[in-house]
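First comes the structure, then the notes that go with it.
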Amino acid sequence: MKSKSDEELIELIVQNHRPALEELYDRYVKLIYSFSIKITKGDTEKTKEIVQQVFLRLWTTKRTYNASQGQFVNWLLTITRNISIDLIRKEQKYKGTVQLELEEWQQMQGLQSEDVEQQVTRNLLKQQIQEAKRQLSEPQQRLINLLYWEGYSLSEIAELEQKPLGTIKSRLHQALKKLRNNFNGKIGGVRHGE
Amino acid sequence: MENKCDNLSLFIINELTNQDKKQFEDHLLKCAKCQQELKSIQETWQMLSYDVEETEVPESLKSQVMDFVFEENKFLKHEEKKEAEPMSFKERILSVAKKHFSPISTAVTAILIICLIGFYWNSLHLKDTIKALENNAADPTQIVTTYSLTGESFAASATGSAYLLQEGTETNLVIALNNMPITKGNEVYQVWLLKNGNRQSAGTLIPDQNGSGLITYRLPPEYSFEDIGITLEPNPFNTQPQGQKVLGT
């Protein structure tokens, strides 16, 4: 099991091979757990619920994972985030739907497998993203946090910030571009013009 | 075109409506700039997930997750299977009942049943009443005894008749009086039933302008008397005669 790739493990899961799921658990639970505990603000009960739902999704998924569809770990984190936000929104009685599994896969399409993890450790990535975030303006940082970690929609954020939706949309665009540029700069990628 | 490029971020965070999304996907095929930006910004968006503190995972979590996944899965399969399983007799009856009785029709049925019981109850009562009436008809009032009363002293011209009427188990005494001297003030004529020298009041009467009067008295059960006496009492509600006897059997 240990020598198998993520892709091979997914194949085995589709064939209802339980040890394959356990192996994926061992590989990724720390990442999923750390992510969920942040998004639930340290609620271990909710975190457990999220981790259970993520692995249930993995076990019941009837779609074969294809490496060309993107990095498995990113796909896993996308699922985790969607399940988390679904849970948060349900509890806060927010309206709005969370993207479906099919969309998650479509989202990953066109993304070539580029194993960032092989270039830098997760910890280094974390430091870099934090550094990149620090260079955003205060409203941009707030926007990213509300959107990514709190699960608010753009129109909800526009309401919270008392700004037109258009302003929030362009603020998002600027924030993502700036993050990307800062990030690329750090890891020595090509600096894109603003 | 510029407008559509602005939707890139919204596409990445999946906040486009289905229609806008489709339009953007079409645009993406034609716009080199967006194609170039898509990958790097999408990666940046996904990098945000690495902004977490590594947290130790509780040891017990693995079994909780695995139990959940495989129990839940079993449950899901069981649910599917259960639907196919034949129902027990009781379940079938219940399901048929559920299928055929909506809450409204159940309520209507209940009301109809209550009405039916009501009608039946009513008709039973009606039957009893009719029966009682028939019995009465078959058991008419009978005159058991008649008495004639003659006047004395100042009411010597007064006459009277008394009848004992048997009506089922009840006995009524009816006394009709004529030519009675008119009473004054609080005066009343009082009827007394005599038995072994004891007197019991059987009511009072005041005759009309012509000196006529009628009084009925329901006798206590199993009661009998020997004679009837009528006195002129200075006031009503006497339990023993005070005034002068004016009529008697």
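The values are calculated or read from the model by the stated rules, or taken from the named source; none is laboratory data. None of the values given here were measured: they were computed from a predicted structure. In this analysis, Cβ positions are derived from the backbone assuming ideal geometry, glycine residues included, and neighbour counts consider all displayed protein chains. Just the protein is used for accessible areas: all its heavy atoms, side chains included, with ligands, DNA and RNA removed. Shrake-Rupley method; radii C 1.70, N 1.55, O 1.52, S 1.80 Å.
What's the local net charge at A:L9, with K and R +1, D and E -1, over the other residues with C-beta under 9 Å away? Counting the neighbours of A:L9, the net charge comes to -3. When chain B is treated as a Gaussian network with alpha carbon springs shorter than 10 Å, the biggest mean-square fluctuation among B:A110, B:A32, B:A158 belongs to B:A32. Using only protein heavy atoms and a 1.4 angstrom probe, determine the accessible area buried between B and A, summed over both sides, in Å² to the nearest 100. Heavy-atom accessible area buried at this interface is about 5100 Å². Too long at a 31 Å Cα-Cα cut-off: which of A:K48/A:K126; A:K90/B:K30; A:K178/B:K62; A:K38/A:K169; A:K38/B:K33? Cα-Cα > 31 Å for A:K90/B:K30; A:K178/B:K62; A:K38/B:K33; rest within.
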